[in-house]
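S.K.: Have a look at the structure that comes next, please.
Any read-out appearing in this document is the output of simple, stated calculations on the displayed coordinates, not a laboratory observation. The structure presented is a predicted model; accordingly, all values stated were derived computationally and were not measured.
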Amino acid sequence: MGFLNYLGKKTTETTYKITKEAKLKMKIAENKQEISEIYKSIGRKIYENHVREENIDIEKPIKRSCIKIDKITREIEDARKEILFLNNKKQCENCYAEIEKEANFCPKCGERQTNEKTVFEQAEEKLEHSEISPQNEKEAEIVKEELQQKNNKE
């Protein structure tokens with residue numbers, strides 16, 4: 001029975017990761033399309049201003065569009081980082097290649113990597129190195145389990 005439970009759990013985790021990654025990739029594609037539309041809109045505004053030969057101030061609307069592009073770009077970057085995390089990978093700090101999370105050196109450029117810890121890993125490490133009174137050991141163990149579960153879901 002233990003093996004079947006393990007197999008079921010692994011299948012569920014894999015399905016979750018695949019579904020989450022597909023949703024993130026779809027959101028990235030939608031965001032890229034939205035950025036493309038904003039670029040077209042900016043170009044249209046500039047050209048219409050040129051054709052009309054009017055001195056309409058189009059700087060503010062263009063600036064708002066650029067700020068919106070910045071926001072969408074950050075959303076794309078966050079989604080891309082989440083996809084890397086789901087696949088147990090990270091990005092090289094030097095050449096930005098996708099590499100294994102535990103890699104100490106980039107296989108593409110050879111740059112030494114710093115192993116940054118997630119918030120959950122940092123919290124777990126603090127919990128492990130803390131002085132815990134005997135009456136709070138049970139609560140500490142519960143918190144540790146919750147951190148591990150959240151870390152696996154993220």
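S.K.: From Cα pairs below 8 angstrom and at least 6 apart in sequence, can you work out the relative contact order of region 14-101, rounded to a whole percent?
M.R.: About 32 percent, as a whole number.
S.K.: What translational diffusion coefficient, to the nearest whole µm²/s, does region 14-101 have by Stokes-Einstein, given a Kirkwood radius computed over alpha-carbon pairs, a temperature of 4 °C and 1.567 mPa s viscosity?
M.R.: For these conditions, the coefficient is 84 µm²/s.
S.K.: Please work out the Cα center distance from region 17-36 to region 55-98, rounded to the nearest Å.
M.R.: So the two Cα centres are separated by 13 Å.
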